[in-house]
Every structure is written in structure tokens, then in C-alpha cells.
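For reference, the structure is listed below as C-alpha cells.
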Amino acid sequence: MKKYIIFLFTLVVFAACKDNDPVIPGPQIQDLEVGSKNSKTVQRGKDLHLEAQVVAEAGIEIVRISIHPKSGAEGWTLSREVPELVGKKNGEIHLHLDIPADVTPGLYHVDIEVKDKAGKVAEAESDLTITE
């Protein structure tokens, strides 16, 4: 009987001590659109339309965008941060990125990374074809 009472007491103590801290979800990247009408293509020498919705309950620490050739091939790369979203809980990425006229046409990869102030990271990616 004594063991049963100790077990019940332990159960009540641990149940009463559960963590009540709210769990803040990590950042999210939604509705990614690459290219005009999400065509995932752009002509070299033109601008690339890039749009996405970003949500970070803990606050946005950094937003990074990179474009690089697919499969490790040689070619043009771009790396850019979006400082206007830092500190906000949500916002929109809406950019028109100039693609140089001398870029090697082919398959490229677009990466977007959002890190929140809690250190959680979200990533979104898309293929991109650069044409002549």
C-alpha cells in the first residue's frame, strides 16, 4: 500500500510540474513565386520576379536569397539578404532581381532561407531556367 501511495504522490507532483511555456512555431515561407506568373523562367538581361510570404512568430532575424547553377555546374551566382524584413513577425518578399546579359543560360536553383530570433530556420527552394 505504501508503494502505491508513493507512486500516486510522484505522479501528481510530475503532472503538476509540466512546462507551461508556449511553444513558438518556427518560421514559414509560403506562396513562393519564381518568375512571371510562377513560370520559373527568366531571360538573361531581364529581371527575375521573386515573391513569397514570410511568417516568424519569434521575429525575423535574417532572410537570405541565393541563386546558383544546378548540380554544381559553373556559372553565375547571386547572394542577397532582405534587411527590410528583419525584426518583423511577417512580411512579403517582393523583388525584381536583375539577371546579367552575359549569364550562361541553363538550369539554376533558387534558395530562400529565413532564420528567426529563436534560431529556428525555414528553407524554400525552386528550380529556375535562364534562357537566352
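The values are calculated or read from the model by the stated rules, or taken from the named source; none is laboratory data. It should be emphasised that the depicted structure is a prediction, and the values quoted were computed from it without experimental measurement. So basically every Cβ, Gly included, is an ideal-geometry build from the backbone, and we count neighbours across all protein chains shown.
Being of a type outside the set (Gly, Ala, Ser) and touching a helix residue (DSSP H, G or I) at 6+ places or on another chain (Cβ under 6 Å) narrows it down to one residue among 110, 86, 63, 82; which is it?
Within the list 110, 86, 63, 82, the selection yields 63.
Collect the residues in segment 59-114 that are charged (D, E, K, R), touching a Lys or Arg at 6+ places or on another chain (Cβ under 9 Å) and surrounded by 14 or more Cβ atoms within 10 Å (Cβ to Cβ), keeping them in residue-number order.
61, 64, 111, 113, listed by residue number.
Quick check on my filter: what residues within segment 45-56 are out of contact with any Pro (no Cβ under 6 Å at 6 or more places or on another chain) and not polar (S, T, N, Q)?
45, 46, 47, 48, 49, 50, 51, 52, 54, 55, listed by residue number.
So how many residues does segment 115-127 have that are in contact with a strand residue (DSSP E or B) (Cβ under 7 Å, 6 or more places away or on another chain), crowded, with 16+ Cβ neighbours inside 10 Å and among the charged types (D, E, K, R)?
3
When both residues are 6+ apart or on different chains and their Cβ atoms are under 8 Å apart, which pairs have a first residue that lies in segment 72-94 and is under 15 Å from residue 124 (Cα atoms), and a second that is assigned to a loop (DSSP other than H, G, I, E, B) and modelled with pLDDT of 95 or more?
93/82
Restricting attention to segment 78-132, which residues are touching an Asp or Glu at 6+ places or on another chain (Cβ under 9 Å) and in a loop (DSSP other than H, G, I, E, B)?
Correct list: 86, 87, 89, 99, 104, 105, 117, 118, 119.
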